[in-house]
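This report refers to the structure that appears directly beneath it.
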Amino acid sequence: MSTTPRRTVVALAALTALLVSGCAKEPGRPGLTGPHLTGPPSPTSAAPTPTPTADPAARAAALVRTLADEDLVGQVLMPYAYGSSATKVSPASAAGNQALAGVDTPAEMVARYRLGGLILVGFSADDPTSGNQATTNVDNPKQVRELTTGLREAAGKLPAAPAPFLIGTDQEYGVVTRITDGVTLLPSPMAAGAAGKPALTEAAWRAAGAELAAMGINLDFAPVADVLATRSAVIGSRSFGADPANASAQVAGAVRGLQAEGVAASVKHFPGHGLSATDSHKDVPVIRQPRAVLDRTAFPPFRAGIGEGAMAVMSAHLDVQAVDPGTPATFSHKLLTDVLRGQLGFQGVVITDGMNMPPAKRWSPGEAAVRALTAGNDLILMTPNVSQAYAGLLAALRDGSLPRTRLVEAATRVLTMKFKLADRPTPELSGLDSADHRKAAADLAAAAVTQLRGKCGGPTAGPVTVTSSAGRDRTRATLTEALTAAGVKVVPSGGTVVHLVGYGDGADDLRADAAVTVAMDTPYVLSAAKSPTLLATYSSSRASMTALAAVLAGKARPGGRSPVPVTGLPATSCGT
């Protein structure tokens, strides 16, 4: 593994003094102020750009040899920033960015910290609950494309510019979908698990990859490889299901689809969040299953994703008792280096789960970043304070607590992934939500519809009245439109009741007089439903509602199978 040449004693002393003082300027490096960089180094301070070669790893190694320590540290950081534009943000977004990184805009954050990438988020500084979308990163495709273009322009002035800037987001589809307007919305991963057709999954995720690439996104924090061994609400329909073999095939299909379009897949959440119902956004889930259960249940989908060449794996804040008790996987050398790399053979980029989550905030941002990198992560995601994480990594590098070889190794892996994504033209936005993409989503949604009770096939009798649990007016309207198009008369009241329940709903949200109850998220709630006909779509997307309408109209047979066990119900009441 190549390492950067060691600086002279004078330079080391100068930068150490810089970190301690927080205000002195480093000799020979204009624009450096304390641990915060006011901009990229001057052209004379950067080493010559290496001559590109065909091999991404060779290109990465050559580039790493030219980079200063500050650039290497920047390459392993992937924070978020506030604002819908790279250079023009609202006062609230500027204030949020100042608290996060001491800058006003996302472009300034990229320049100051020489960042390797940025994650686009769906919340804003004005309202982190995302009720107000005024300054979110992801309003619509045109805005996202302009934002990503601006970020790449900022990154293009950095010494690491020969490698494309990483821009990622959580586009899992289903309940975690960051960009929803103007794009093709796939059914949830659980719907794909119910369909059980990896070729359909691959086609749908290839459409998704093409659309992400058109918006300038080259890293998707998906697919979720967690096998749903428990009724975990935090994972739920984000998972392909409870069967490791089926989940493995679906993960492999999603990885192939995304990466065929030049979008890196990040398989998550290693070593398997589906083994616990605890929400790692609030606490550290404890995984108590023996190692043999992990090998048999949790690891196969990760192996499948790795086998298909997944470029990244996301580590999780999980306490795996059988491997490294008391240490969250994000910070566990045993899990990330010994198991993930040594035993599962993963050679790509390991990315932390959000470092702004409580399990990672037990340490300061700088110490947490150092611990995560030392454990085997290569990319630090969503630190709660970019300034502190950056300064902490540099300081640890200087005092030896972060081995230089580990930092160089991490930066090289990140740059290798970037070069694998390089030299591809950006698709046009006109290809978003195309007929071909909608068909891929529709085919997957249609194959997912599952009947868990009642006579299989045949139209629902008489006019239909569509009802739902609270807050689902838009979905109810979508189904009404689809039913009408399928030739089913829909009346406001007095018809055969088709009742919709979805994410977060329980027994109290069911309707006793419903002839048909439809689960649009995990199907567990159907075990308490009294309806003579029970259906599951696992998703409330337009494609899923259209597929449901075809079944209710008697024009399609529900061929899916529940990918998770539902108490008292079969996987399907439609035979095989």
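The values are calculated or read from the model by the stated rules, or taken from the named source; none is laboratory data. All values derive from a computational prediction rather than experimental measurement. Using ideal geometry, Cβ is built from the backbone for each residue, glycine included, and neighbour counts are taken over all protein chains shown. Just the protein is used for accessible areas: all its heavy atoms, side chains included, with ligands, DNA and RNA removed. Shrake-Rupley method; radii C 1.70, N 1.55, O 1.52, S 1.80 Å.
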Taking S266, is it open to solvent by less than 10 Å² (accessible area, probe 1.4 Å), at pLDDT below 95 and outside any helix (DSSP H, G or I)?
no
So for segment 250-258 (the condition being in contact (Cβ under 8 Å) with a residue 40 or more places away in the chain and surrounded by fewer than 24 Cβ atoms within 10 Å (Cβ to Cβ)), does at least one residue qualify?
yes
Matching entry among T148, T201 (being within 30 Å of A92 (Cα to Cα) and among the β-branched types (V, I, T))
T148
Would you confirm whether or not segment 409-425 contains a residue that is touching a Ser or Thr at 6+ places or on another chain (Cβ under 8 Å), closer than 29 Å to F302 by Cβ and not β-branched (V, I, T)?
no
Report, by residue number, each residue of segment 511-541 that is under 23 Å from K439 (Cα atoms), touching a helix residue (DSSP H, G or I) at 6+ places or on another chain (Cβ under 6 Å) and polar (S, T, N, Q).
T537, S539, S540
Subset of segment 524-558 (residues that are more than 26 Å from S248 (Cα to Cα), among the hydroxyl-bearing types (S, T, Y), open to solvent by less than 50 Å² (accessible area, probe 1.4 Å) and not in a loop (DSSP other than H, G, I, E, B)):
T533
Among the aliphatic types (A, V, I, L, M) and over 23 Å from D71 (Cα atoms), is that true of V408?
no
Assess whether R561 counts as being part of a loop (DSSP other than H, G, I, E, B), open to solvent by 40 Å² or more (accessible area, probe 1.4 Å), basic (K, R) and in contact with a helix residue (DSSP H, G or I) (Cβ under 8 Å, 6 or more places away or on another chain).
yes
Any hit, segment 526-533, residues being of a type in the set (D, E, K, R), more than 27 Å from the chain's Cα centre (by Cα), at pLDDT below 95 and under 30 Å from G568 (Cα atoms):
no
For helices (runs of 4 or more DSSP H) lying entirely in segment 363-481, having 1 or more residues that are small (G, A, S), closer than 18 Å to S544 by Cβ and open to solvent by 40 Å² or more (accessible area, probe 1.4 Å) picks out 435-448
Answer yes or no: is there a residue in segment 281-288 that is more than 21 Å from T352 (Cβ to Cβ), among the basic types (K, R) and modelled with pLDDT of 95 or more.
no
Select, from G309, G326, G342, the only residue that is assigned to a helix (DSSP H, G or I) and either open to solvent by 30 Å² or more (accessible area, probe 1.4 Å) or not acidic (D, E) (or both).
G342
